[in-house]
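Below is one structure, written out as structure tokens; the observations come after it.
The values are calculated or read from the model by the stated rules, or taken from the named source; none is laboratory data. Model, not experiment: these values are computed from the prediction. With ideal geometry, Cβ positions are generated from the backbone for all residues, glycine too; neighbour counts draw on all protein chains shown.
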Amino acid sequence: MTLTIPTFSLISIGPWLTLALGAILILLVDALSKGRKTYFPYFSLAVLALAAFQTIDLWGAQSTDFARMVYVDNFAFLFYLILILGAALTILLSRPYLEEWGKDMGEYYALILFATVGMMMMAASAHMIMIFLGLEVMSIAVYVLAGFFREDARSNEAALKYLVLGAFASAFLLFGMAFLYGAAGGSLYLDELAKRLTDAATLTKPLTLLAIALLVVGFGFKVAAVPFHMWTPDVYEGAPTSITAYMAVAVKAAAFAAFARVFFLAFPAFHVNWHMLLWVLAVATMTLGNVVAIAQTNIKRMLAYSSIAHAGYILVALVAANQLGAVSILYYLLAYTLMNIGAFGVVILVARKKDSYLNIYDYSGLAYQHPGLAAGMAVFMFALAGMPPTAGFVGKFYIFSAAVQAGYIWLAILGVMNSLVSVYYYLRITVLMYMRPAEADLGPIAFTPAVTACVIATAVATVLVGIFPGWFYDLAMNSVKIFPSL
Amino acid sequence: MMAYIFFALAGIALISGVLVVFQTHPLRSALWLIVNFFAVAGIYLLAHAEFIAAIQIIVYAGAIMVLFLFVIMLLNLRQPEEEAARPWFGQKLAGITLAALVAFILVYGFSKAEVPLAKAAPPGLGNTESIARLLFTDYLLPFEVTSVLLLVAIVGAVVLAKSKLK
Amino acid sequence: MNLPVLIALSAIKILIVLVVLLTLVAYTVLMERKVLGFIQLRYGPNRVGPWGLLQPLADLVKLLFKEDFTPPMVNKVLFVMAPIITAVTAFLPFAVIPFAKDMFPPQITIYGQTFDLTAAGLNQGVIADINVGLLYVFAMGSLAVYGAVLGGWASNSKYSLLGGLRLSAQMVSYELALGLSVIGVLMLAGSLSLVKIVEAQKDMWFIVYQPLGFVLFLTAAFAECARTPFDLIECENELVAGYQTEYSSMKWALFMMGEYAHIIVASALITTLFLGGWQGPILPPVVWFMGKTFALVFCFIWVRGTFPRFRFDQLMYLGWKVMLPLALLNIMVTGAVMLLI
């Protein structure tokens, strides 16, 4: 029996390999050497930088590899870069925070790198099985990271809730894929699905529609879309703050990468069927996220609901399903990564003493005692609310113009109205910081260099990307050309 | 003949599956789940997937469920200590309605579906060989990625379970 | 040949094999007592029949007439099911183990009717030659644990429960080493069918190419049978009799039959995988097969008479940190050598 192993080039998955090997190296060094190791964050950052260089080096390629299992294209690369940025910023935030909890362990960094590998797989998959495997690599790493503070009851709750519901959602996704396999006549390659699911007969097949609906449930859970959002507030509140930031930006980005790739590439012929479904989901997600966020007094919970709302905005772009829509998904995810991680950086700085100051009223009078920090937080809040000249504004502008361009006027209007609602709770933080006296003396805040650098960098970047969006727009436009249907 | 065996096995699978959910004692649920695994393994055999059937028994019935039983016995769960919270009437109604809806969609979906048959194994190759061939050609990358998945799961389990912390 | 006849003939064949196997099980018990006696410089049973040869019969009568006592507070259904599971899963693997090349001639004539026995391989020296034979053996082996675990739980007694717990942890740990240690054999034979594996050893036994695999498999088999030095599940000084504590009469006898059938099946499997199965010169295949198998059974008894018991943490350490890496190493080395040659 002869076996012909397909030709492949390891370079095309170079960034994955770099990150995975880096993670394994961390684990080995941690296991085989004695004493406390302080260099893991730097090492992880170096590995991420290397992966970013590899990605940039690959830029421009357009092919598939490993027997058509992965796409090697700019859409994947741009997502790689966003994911690497998210992971790097998270690692910058982590070290002092973990030390405070006595949890500065090598496994933390290794798991973040592994989760990033899983996310990259999702962004580059050309076959449903790769999407599923990537999703599981990412999810399992994140389940564990959410429960990393295992002496803390809320962290345990977060991990358990995320695990149980996440497994449930994975089952939905798998059922969707299985039904799709049947409906498409035995193939799960994304490009082949597009070819097979075109004639009118398959279009009206209930089996196909059922499969698509189940896929929406699976992806909807990972991006925290209403009504699959129930886990979000508890998990975001209970998980370590740095991991909450990571979950909010990177997990969401990866899920949207796969979501967009599957729906733009495999189901363009079904647009009539799924756009209505996603329309409803988008409106429900935006509205519920924004309205419930108003009632929150815990800053992490508030940001959790805000993250639900932002998933809703991105769903609007998915509904639009045109080139500008695809560009706006990429742009918005970049902007969201910057402003959200920045906001969580401020939360980490203010929280102190094992997360003792998480109430939003702990921010009262912050501007008088720590004007720099308050200014940073204000920038992030303005950006999240979508005010010019920040990146949040430009992102929303792209999204809603894409919706208008595609003819979804009402969706755009509802989106803008939701943004207005969100202004209330984002500005409330700013008002508390600048116009209220402190409830009590906040005490000193330890400005650790890494976290401070992260907050400053994200604040500057949020503004800069908002003022000069053109270069990223061009990159994104270049990368979404791979979708023939848009 | 095959059809009768299939329906018998499918019936066992369904009934045992329902019983898994309706037991009050976790150990009984686990035992019915084992019965369910056997029925499903039988269905795999009918589909000439001997390898999958054997793996189903070895991995699920023989290893995973033994671990489940181990944990249940280790905690020595006799009877649930407190009554589970009773669902509201509204919850029940919503659950039953949605379940009926899903059942309808599934039945309707499959009644309309003309699912083509999967490709037969190439002649001269047993089931195990054809799976191996697929794993090392078309599915080479997913097969290797699975090892990353397992590594992550192991590291995660160790992180959460390690007794002493630095 | 029509279906009813085929089924009837298969049933007869299975019955013959089963009766022989049951007899062997009964005499393995006697063999163990005799060999242990020999090791400990005493006689062993020698009252019933010449050299105690009728002792198994006497034991059977005794066990049949003992009171079948079911303690109160047990889970009745599981309490009864457990011994049955143990016995059945212990015998089932024998269905795929080839014990000879041929059992019957290709054709037989009964009352003027000629039956072609080559149909469905009825004449072969194996009940069923299936293409995933080895996996089937492992599947049945992995189910064997349920008998003891459920028996231990259903008995509603601390000793029984602890015995069951220990066994489940032990079985799961050693199943990995057991499964991985035969991969080398599979690579050499290129098949999961035990008949093909035996045929592949026509020129040379696999123990020559797989010495490490053989040692690992033998050790893991000891653990899977829960024999000394891995018999922590029933170690008398701690757990009375482990999961069997509350059992009596034929239920207990079923557990015992299961244990000895396990030993025979494990020995037969090692013979098949590493020692060339029924292959051998001059003597008929069945004799070779039985000879090799019972040499290994003797090994089991010899070890019981020689070695002390492990501590539980030692057992876990050995399983996970020694046997598992060695088994993986064995696979790697085998693969590398096969690539080079």
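Listing for the model above:
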{"quantity": "Single residue of region C:221-235 satisfying the filter (more than 17 Å from C:LEU161 (Cβ to Cβ) and part of a helix (DSSP H, G or I)) that is modelled with the lowest pLDDT", "calculated": "C:GLU224"}
{"quantity": "Yes/no for C:GLN170 being closer than 21 Å to C:GLY276 by Cβ and either touching a strand residue (DSSP E or B) at 6+ places or on another chain (Cβ under 9 Å) or more than 10 Å from every other protein chain (Cβ to nearest Cβ) (or both)", "calculated": "no"}
{"quantity": "Residue count, region A:433-474 (criterion: in a helix (DSSP H, G or I) and out of contact with any Leu (no Cβ under 6 Å at 6 or more places or on another chain))", "calculated": "20"}
{"quantity": "Qualifying residue in region C:240-251 (condition: within 19 Å of the chain's Cα centre (by Cα), outside any helix (DSSP H, G or I), of a type in the set (A, V, I, L, M) and modelled with pLDDT under 85)", "calculated": "no"}
{"quantity": "Subset of region C:116-164 [at the interface with chain B (Cβ under 9 Å from one of its Cβ atoms) and surrounded by fewer than 21 Cβ atoms within 10 Å (Cβ to Cβ)]", "calculated": "C:ILE130, C:ASN131"}
{"quantity": "Failed criterion for A:HIS229 (all others in (1) in a helix (DSSP H, G or I); (2) within 16 Å of the chain's Cα centre (by Cα) hold)", "calculated": "(1)"}
{"quantity": "Counted residues, region B:140-157 - those being facing chain A (nearest Cβ under 7 Å) and among the hydroxyl-bearing types (Ser, Thr, Tyr)", "calculated": "1"}
{"quantity": "Selection from region C:46-79 of residues that are more than 14 Å from chain B (Cβ to nearest Cβ) and of a type in the set (A, V, I, L, M, F, W, C)", "calculated": "C:VAL48, C:TRP51, C:LEU53, C:LEU54, C:LEU57, C:ALA58, C:LEU60, C:VAL61, C:LEU63, C:LEU64, C:PHE65, C:PHE69"}
{"quantity": "Search result, residues across region A:184-206 that are assigned to a helix (DSSP H, G or I), within 12 Å of chain B (Cβ to nearest Cβ) and either in contact with a strand residue (DSSP E or B) (Cβ under 7 Å, 6 or more places away or on another chain) or modelled with pLDDT of 80 or more (or both)", "calculated": "A:ARG196"}
{"quantity": "Helices (runs of 4 or more DSSP H) completely within region B:1-76 that count 3 or more residues being loosely packed, with under 15 Cβ neighbours inside 10 Å", "calculated": "B:2-22, B:65-75"}
{"quantity": "Where A:THR297 falls short, out of the listed (1) surrounded by fewer than 24 Cβ atoms within 10 Å (Cβ to Cβ); (2) touching a Ser or Thr at 6+ places or on another chain (Cβ under 8 Å)", "calculated": "(2)"}
{"quantity": "Scan of region A:413-459 for residues that are among the basic types (Lys, Arg) and more than 30 Å from A:LEU85 (Cβ to Cβ), ordered by number", "calculated": "A:ARG436"}
{"quantity": "Single match in A:ALA67, A:ALA49, A:ALA31, A:ALA76 (criterion: surrounded by fewer than 21 Cβ atoms within 10 Å (Cβ to Cβ) and more than 30 Å from A:THR448 (Cβ to Cβ))", "calculated": "A:ALA67"}
{"quantity": "Scan of region C:87-114 for residues that are surrounded by 18 or more Cβ atoms within 10 Å (Cβ to Cβ) and over 18 Å from C:VAL19 (Cα atoms), ordered by number", "calculated": "C:LYS101"}
{"quantity": "Top-ranked residue of region A:32-50 - restricted to ones that are assigned to a helix (DSSP H, G or I) and touching a residue at least 40 places away in the same chain (Cβ under 8 Å), ranked as farthest from the other protein chains (Cβ to nearest Cβ)", "calculated": "A:LEU45"}
{"quantity": "Subset of region B:61-76 [facing chain C (nearest Cβ under 7 Å) and more than 17 Å from C:ALA154 (Cβ to Cβ)]", "calculated": "B:ALA61, B:GLY62, B:ALA63, B:LEU67"}
{"quantity": "Members of region C:151-162 found to be over 20 Å from the mean Cα position of the chain (by Cα) and in contact (Cβ under 8 Å) with a residue 40 or more places away in the chain, listed by number", "calculated": "C:GLY152, C:TRP153, C:ALA154, C:SER155, C:ASN156, C:SER157, C:TYR159, C:SER160, C:LEU162"}
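Here's the yes/no breakdown for (1) farther than 23 Å from A:VAL460 by Cα; (2) assigned to a loop (DSSP other than H, G, I, E, B):
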{"residue": "A:LEU318", "(1), (2)": "yes, no"}
{"residue": "A:ASN340", "(1), (2)": "no, no"}
{"residue": "A:VAL347", "(1), (2)": "no, no"}
{"residue": "A:SER356", "(1), (2)": "yes, yes"}
{"residue": "A:MET377", "(1), (2)": "no, no"}
{"residue": "A:PRO389", "(1), (2)": "no, yes"}
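For every residue, the table says whether it meets (1) surrounded by fewer than 17 Cβ atoms within 10 Å (Cβ to Cβ); (2) closer than 17 Å to C:ALA90 by Cβ.
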position	(1), (2)
C:MET256	no, yes
C:ALA261	no, yes
C:VAL265	no, yes
C:ILE270	no, yes
C:LEU275	no, no
C:GLY280	yes, no
C:PRO285	no, no
C:MET290	no, no
C:ARG304	no, no
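So that you can scan it fast, the table gives a plain yes or no per residue for (1) surrounded by fewer than 17 Cβ atoms within 10 Å (Cβ to Cβ); (2) free of Cβ contacts under 8 Å to residues at least 40 places away in the same chain; (3) within 26 Å of the chain's Cα centre (by Cα):
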{"position": "A:SER422", "(1), (2), (3)": "no, no, yes"}
{"position": "A:VAL431", "(1), (2), (3)": "yes, yes, no"}
{"position": "A:ALA446", "(1), (2), (3)": "yes, no, no"}
{"position": "A:VAL451", "(1), (2), (3)": "no, no, yes"}
{"position": "A:VAL455", "(1), (2), (3)": "no, no, yes"}
{"position": "A:GLY470", "(1), (2), (3)": "yes, yes, yes"}
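Let's see how each residue does on (1) away from chain B (no Cβ under 14 Å); (2) part of a loop (DSSP other than H, G, I, E, B); (3) within 13 Å of the chain's Cα centre (by Cα):
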position: A:ILE82; (1), (2), (3): yes, no, yes
position: A:LEU85; (1), (2), (3): yes, no, yes
position: A:LEU92; (1), (2), (3): yes, no, no
position: A:LEU111; (1), (2), (3): no, no, no
position: A:GLY118; (1), (2), (3): no, no, yes
